[in-house]
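What follows is one structure encoded as structure tokens, with my remarks underneath.
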Amino acid sequence: MKIFTSISPRPIRVVSGLLFLFASASIQAQGLDTLIQRVSADTSTSMLNMDAVYNRPFLTVEKMPVALGGYLEANTLYQSEAGVSEGLSFQARRLTIFMSASINKRIKFLSEMEFEDGTKEIGIEFAALDVSFHPALNFRGGIIMNPIGAFNQNHDGPKWEFVERPDVAVNLLPATWSNAGFGVYGKTYKGDWILGYEAYLTNGFNNNIIDNEASKTFLPAAKENERRFEESSNGQPLLTGKVSIKNRKIGEIGLSYMGGVYNKFEEDGLTLDEKRRVDVVAIDWNTTMQKTGTYIVGELVYTWVDVPSTYTQQFGSKQKGVFIDVVQPILKKSIFDWDNATLNLAARFDYVDWNLGTFKETNADIGDVLWAITPAISFRPSSQTVFRLNYRYQWQKDLLNNAPAKSASWLFGFSSYF
Amino acid sequence: MKYIFPLLSILMFLLQSCELTTPAAPQENELLDGPLEGLSMEQQTQFLRGDIAFNDDIFTVEKGLGPIFVSNSCGSCHAGDGKGNPFITFTRFGQNDTTGNHFLEQGGPQLQHKAIPGYQPERIPSGASSSDLLAPAVTGLGFLDAVSDADLIALSDPDDVDGDGISGRPHWNNIRDYVAPRPNTITKNGKYLSRFGKKGAAYDLLDQTANAYNQDMGITSLFEPLDPYSGLEEDPEVNTQTVNDVVTYLKMLKAPLPRNQDDTQVKAGKLIFSQIQCAACHTPTLQTGHSPIEALANQAFHPYTDLLLHDMGPELDDGYTEGYALTAEWKTPPLWGLGLSADAQGGSYFLLHDGRARSIEEAILMHGGEAEQAKQGYVELAETEKQQLLKFLESL
């Protein structure tokens, strides 16, 4: 489903060239170990979810203003539904490459390029210039990740204990959802409290959200619109805004909104349809219990979509979804000679209802709902690398609310920054 | 080192337990869908292609949906290959006698009551009679298609010669240009014995399928090239191969399998079914003739239908008809799979042609006309006998 820009070999050539230059500069000088420095992600408590895009490990060479990084994730999958399995598969899910540059002390550039499922889908997920006027006022423009919920901006595989991304993030919201646009963001601190905000105007959705092969109101279908980095589908900007508050001892909570007109209502001065809106509200949270080290993260999303009354009820006008991850470290010690290796037990709960409401004709509840539980074991030889063993059991009801189709998956894989 | 053994043990256990920890397959007789037994590998490949086209192929605006339509895929009306739910109702209008549909110029016979954004759906024209129809189950259609015309004619008794009050008659109808008559087909005054659809007006599964693409989804094909909205001929929006795949899929769907056949209550109910004359129209057993699909050829099967038209009385007469059926006449629907209907309809029954009956008993009590006597037979049964009959019907 992820198609961001044209799938041409050009991005590959560009990245290859940069990597070559980067490597050449290193080799011409001294030994690599002394030249290349790893800048770890900031694990301090002053970070908010909105900082995730820069809060990644990077490799830098001496005083060069360019830093590189990325992550790779791959896994095996054994899945079965109602006694029928397609057998065992190996999946190379993502190769993501980050490149950042400090143009000036207060002007930064960062890009994130993703190769998904090999070279099947190649996209620029983020490529923005950040200009700081004040900690509370920064400008960002380019291809940005809309700050709806938390996962959309904080989706790097190595940060999560689960192979699959949360359903609410990728099957209700369109993570990773990025668009061309501009906006501002900032943070302010007081004691243990941190307050952050973001507000952007970008290109947005299109008719695909109610006209797609998922046969449901499906915001991720808008990602099929490859031209959204080139022009708006309807000339109406999508507003995305978020406010987050964090207490260093308690945790962070964010409230975000995204909305605008999604459909092409006129062209060449001709009226094609009424203006129809999509509105999304999300609440996200994360906390670490100090006594037990238990990490809890989650996201609750509601969407409202103006679907024409003369259209089919398969396309719902209200949706909701939630995910909650609970991660409990059970061992943190030297394991296999890895210092500070961590073994975690974790569990995820997923729930998505794509069509809230009742049928007009029968007043019966509309189905189109999914829920799943995923117990997991994860092993982190270092904080930047994770091996994950997940078992996912899923129930999914069709539109008519018939008995759920049950499926189960075993997934084993790794995800690592490099 | 101390971690290696436990780690390998866990991995070995998980490899062994993959299949143990995944959902088990349901019993074959609990499912409506699935292929016929005995298909060759080539036929299974064809079945799979048709399955994908029928259940997974969703039409979008870009792929030709509408602009006016009823639904956007075959599977959305026939969930799990079962009967439909009233949330997608097929409304037909414009014909109230055997002189044909007089509202073809105004969008008849099917009402496309949905529209893509920016368009308005159809409305029933003033003065047009109409009837709401639920999508039928599509399982076992290949068997019904392979019954010879002669067998169906042998079951008919249009003048009620035997005096039992039941006078099933074949639906002699015109066929479309693209439909090829069956081998050994029998004609009457240039008309052919049609057997599909609630009024039995469709001759075969190609007729039914190509028409459904066109009238239900607004999809044009080489078979049905006219767009229902504009009335103009358009380029095909579904290719001939896909239509043929769907037809083949429908033919190769298995017949619903009965359950609990050794249950004494079910056995008793089966006897009652015949005693009160339900079986006079809902013929328990038919026989297929020749079929190019070997698994369908020369088989006895148990659909509980005679595929003939019967007058069902004024309560089921909506004032609308198709072909040469009368408005009160309906083709006997097969009862196989009846007990599984609710599983595909959202958990509760919607029976009879428009789903008005919410239980099997309600459906029986709504019978009239030629079935009046059978209905009375049911009403006069003792409560235990009624339960036995209902258990039998649920076992189908």
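The values are calculated or read from the model by the stated rules, or taken from the named source; none is laboratory data. Everything quoted here is computed from the prediction, not taken from an experiment. Every residue, glycine among them, receives a Cβ derived from its backbone with ideal geometry; neighbour counts consider all protein chains shown.
Couple of notes before you dig in:
- Elements of type strands (runs of 3 or more DSSP E) in region A:49-122, at least 1 residues being within 14 Å of chain B (Cβ to nearest Cβ): A:66-81, A:84-104
- Among the residues of region B:87-116, those that are within 13 Å of chain A (Cβ to nearest Cβ), in contact with an Asp or Glu (Cβ under 6 Å, 6 or more places away or on another chain) and either closer than 17 Å to B:Ala128 by Cβ or modelled with pLDDT of 95 or more (or both) comprise B:Thr89, B:Thr91, B:Leu111, B:Gln112.
- Pairs meeting the criteria (first residue in region A:307-325 and under 16 Å from A:Pro220 (Cβ atoms), second residue part of a loop (DSSP other than H, G, I, E, B) and aliphatic (A, V, I, L, M), beta carbons under 9 Å, at least 6 apart or on different chains) are A:Phe315/A:Val307; A:Gly316/A:Val307; A:Gly316/A:Leu356; A:Gly316/A:Ile366; A:Gln319/A:Leu356; A:Lys320/A:Leu356; A:Gly321/A:Leu173.
- Near pairs, Cβ below 7 angstrom, 6+ apart or cross-chain, from region B:375-396 (without any contact (Cβ under 8 Å) to a residue 40 or more places away in the chain and of a type outside the set (Val, Ile, Thr)) to any residue that is surrounded by 15 or more Cβ atoms within 10 Å (Cβ to Cβ) and assigned to a helix (DSSP H, G or I): B:Lys375/B:Ile364; B:Lys386/B:Tyr378
- Verdict on A:Asn208 being in a loop (DSSP other than H, G, I, E, B) and either within 28 Å of B:Gly64 (Cβ to Cβ) or more than 14 Å from chain B (Cβ to nearest Cβ) (or both): no
- Among the residues listed as A:Thr374, A:Thr385, A:Thr342, A:Thr358, the single one being among the β-branched types (Val, Ile, Thr) and free of Cβ contacts under 8 Å to residues at least 12 places away in the same chain: A:Thr358
- Helices (runs of 4 or more DSSP H) completely within region B:42-158 that count 1 or more residues being in contact with a Leu (Cβ under 8 Å, 6 or more places away or on another chain) and without any contact (Cβ under 8 Å) to a residue 40 or more places away in the chain: B:74-77
- Residues considered: B:Val266, B:Val243. Of these, the only one that is in contact with a Leu (Cβ under 8 Å, 6 or more places away or on another chain), at negative phi, in a helix (DSSP H, G or I) and not small (Gly, Ala, Ser) is B:Val243.
- Taking strands (runs of 3 or more DSSP E) as the structural unit, those lying wholly within region A:309-418 and holding at least 3 residues that are at the interface with chain B (Cβ under 9 Å from one of its Cβ atoms) correspond to A:385-397, A:405-417.
- Condition broken by B:Gln120, with the remaining ones in (1) surrounded by 21 or more Cβ atoms within 10 Å (Cβ to Cβ); (2) within 14 Å of chain A (Cβ to nearest Cβ) satisfied: (1)
- Test: residue in region A:163-181 that is part of a strand (DSSP E or B), of a type in the set (Phe, Trp, Tyr), more than 14 Å from chain B (Cβ to nearest Cβ) and free of Cβ contacts under 8 Å to residues at least 60 places away in the same chain: no
- Selection within region A:251-277: residues that are β-branched (Val, Ile, Thr) and modelled with pLDDT of 95 or more. The member of this set that is surrounded by the most Cβ atoms within 10 Å (Cβ to Cβ) is A:Val261.
- Among the residues of region B:159-171, those that are free of Cβ contacts under 8 Å to residues at least 60 places away in the same chain and either in contact with a Cys (Cβ under 9 Å, 6 or more places away or on another chain) or on the phi < 0 side of the Ramachandran plot (or both) comprise B:Asp159, B:Val161, B:Asp162.
- Any hit, region A:167-175, residues being under 23 Å from A:Phe414 (Cα atoms), at pLDDT 95 or above and small (Gly, Ala, Ser): yes
- Selection within region A:65-105 - more than 19 Å from A:Gln394 (Cα to Cα), over 24 Å from the mean Cα position of the chain (by Cα) and in contact (Cβ under 8 Å) with a residue 40 or more places away in the chain: A:Val66
- Identity of the residue in region A:224-246, farther than 16 Å from A:Met145 by Cβ and of a type in the set (Lys, Arg), that ends up surrounded by the fewest Cβ atoms within 10 Å (Cβ to Cβ): A:Arg227
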